[in-house]
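First comes the structure, then the notes that go with it.
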Amino acid sequence: MKKRLYFVCPTDYLEAKIEASYNGESYYYTSLGNAVDLKGENINELIQLIEAKNIEEIIFVLSNENQVVRQIVNRKYYTFFKGFNRLYHKVNRYNSTMAKLWESYDEEDLISSFLSTRIKEMQTMLQAQLMGKNIKVDGKIFDKVNNQFQTIQPCLFKRKLYDLN
């Protein structure tokens, strides 16, 4: 039976959907918009939980209608949450790029990009803290219209491949 730790936003109410969709033991870490600080004091508690419960997989989950992300897209910033700093910067850059290229954009692209960043941060933290232990880190977006979880998409722009000036 697989043991998973889900990072969820309390505004999405996805715990019941996760339980119905995935087998195994589920543990939850909640933070608004998945903006938990992965460099702060939370790390020791998180590592203790991972080791005590033998967590095999960590999954960041947000709804495609997440209210926190929507408010950030609409320029209502939560400056007191450190985890959103990169997202604010990315939203501003994304909005300015999209304004030049297209008239509209997809919020799911922003969510995917944000979760991809969270995944990379978690993988880096785990490598430093849990040497030798292989824990899969993934991200999912819950599509409320279709009532299903979707794998996050790669970033809209491959920053390693393209440089927009």
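Brief remarks follow.
- Count - residues of the range 19-35 that are over 25 Å from Lys133 (Cα atoms) and surrounded by fewer than 16 Cβ atoms within 10 Å (Cβ to Cβ): 3
- Tyr78 being modelled with pLDDT of 90 or more, surrounded by fewer than 20 Cβ atoms within 10 Å (Cβ to Cβ) and of a type outside the set (A, V, I, L, M): no
- All positions within the range 1-18 that are of a type in the set (A, V, I, L, M) and surrounded by 15 or more Cβ atoms within 10 Å (Cβ to Cβ): Leu5, Val8, Leu14, Ile18
Yes/no per residue for (1) modelled with pLDDT under 55; (2) over 30 Å from Asn44 (Cβ atoms); (3) outside any helix (DSSP H, G or I); (4) not hydrophobic (A, V, I, L, M, F, W, C):
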| site | (1), (2), (3), (4) |
| --- | --- |
| Glu103 | yes, yes, yes, yes |
| Gln123 | no, no, no, yes |
| Val137 | no, no, yes, no |
| Lys160 | yes, yes, yes, yes |
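- Candidate set from the range 139-158 (those that are part of a loop (DSSP other than H, G, I, E, B) and modelled with pLDDT of 85 or more); member that is nearest to Ile59 (Cα to Cα): Ile152
- Qualifying residues in the range 1-40 (those that are basic (Lys, Arg) and in contact (Cβ under 8 Å) with a residue 60 or more places away in the chain) - the one nearest to Gly139 (Cα to Cα): Lys17
- Summed over the range 45-68, residues that are at negative phi and in a loop (DSSP other than H, G, I, E, B) total 6.
- Selected residue [closer than 29 Å to Asn134 by Cβ, modelled with pLDDT under 70 and not basic (Lys, Arg)] from Leu49, Leu87, Leu38: Leu87
The values are calculated or read from the model by the stated rules, or taken from the named source; none is laboratory data. As the structure is a computational prediction, the values presented were derived from the model and not from experiment. When we count neighbours, we look across all protein chains shown, and the Cβ atoms used for this are built from the backbone with ideal geometry, even at glycine.
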